[in-house]
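**Q** Sharing a structure with you now.
The values are calculated or read from the model by the stated rules, or taken from the named source; none is laboratory data. Here the structure is a predicted model, which is why all the values come from computation and not from measurement. Cβ: placed from backbone, ideal geometry, glycine included. Neighbour counts: every protein chain shown. We work out accessible area using only protein heavy atoms, side chains counted, and drop any ligands, DNA or RNA first. Shrake-Rupley method; radii C 1.70, N 1.55, O 1.52, S 1.80 Å.
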Amino acid sequence: MEVPVYLFTGFLDSGKSTFIQDTLRDPQFHNQEKTLLLLCEEGEVSFDSSVMADYHVDIVTVEKESDLTYEFLCELQRRYQPQRVMIEFNGMWKVTEFLEVEYPIEWILVQIMTTIDASTFALYMNNMRSLVYEQVVHSELIIFNRCDNSTKKSFLRGNVKAINANAQIIYESVDGSINQL
């Protein structure tokens, strides 16, 4: 049986945890599947294990990037027998290196999503361009959150498309509403 793997990237406080929790609570996504959630950083929003248990989610914390080995992932597959895997990736770790890790044979990476705080994007681009590149280059979906009337969407879009022309971009307003442009 194939086990879909969803990789969530983005910097600390970019909204990854909230996005994951919202996804797990969405009845269109959640159908009683057993989910393994790998947490590779501790963000502002924490996961309540009792609430996650209601959604059949086992949570495993990964402290170091070097822990993400084939042997470790196979042990997780054996121990938890997940029907899907969600990984909240550490924003300072290299996605490219993770993509080179061999997964258990059942695991199929189906989507990479990146959350970005629109209000801090320019700061990250100016000061940590290579890390932003690493977050965006492989992502199929980029979610710019915390957008408001002052958000320069053309600036955001232009920078992302220069890195990854195929990425779908979604803009989420401060109130949580979604729009494409």
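**Q** Pairs of alpha-carbon atoms within less than 8 angstrom and 6+ residues apart define the contacts here; what relative contact order does the chain have, in percent?
**A** 26 percent
**Q** Also, quick follow-up: Looking only at the stretch 24-54, which residues have a backbone nitrogen under 17 Å from a spot 7 Å from the Cα of E71 in the C-beta direction?
**A** none
**Q** Label points 7 Å out from Cα along the Cβ direction at K34 and R78: separation in nm?
**A** The answer from the label model is 1.5 nm.
**Q** Next up: Considering the Cα positions of the stretch 54-181, please state its Rg to one decimal place and its Dmax as a whole number of Å.
**A** 16.6, 49
**Q** Another question about this same structure. Express the carbon and sulfur contribution to the solvent-accessible surface of the chain as a percent, rounded to the nearest whole number, probe 1.4 angstrom.
**A** 48 percent
**Q** What is the stretch 1-100's relative contact order, in percent, from Cα pairs under 8 angstrom and six or more apart in sequence?
**A** 45 percent
**Q** To check my understanding: the extent here is largest minus smallest coordinate of the Cα atoms along each principal axis. What are those three numbers for the stretch 1-131, in Å, largest first?
**A** Projected onto its principal axes, the Cα set of the stretch 1-131 covers 44, 31, 23 Å.
**Q** Okay, moving on. Rounded to the nearest 500, what is the chain's calculated 222 nm mean residue ellipticity when only DSSP H runs of at least 4 contribute -39500 (n - 2.57) each, over all residues?
**A** Result for the chain, helices only: -8500 deg cm²/dmol.
**Q** Taking a cut-off of 25 Å between Cα atoms, list the lysines near K161, but don't count ones fewer than 8 places away on the same chain.
**A** Counting by Cα, and skipping residues close in sequence, K161 has these lysines nearby: K16, K94, K152, K153.
**Q** Calculate, for the stretch 1-70, the solvent-accessible area per residue in square angstrom, rolling a 1.4 angstrom probe over the heavy atoms of the protein chains.
**A** On a per-residue basis, 53 Å².
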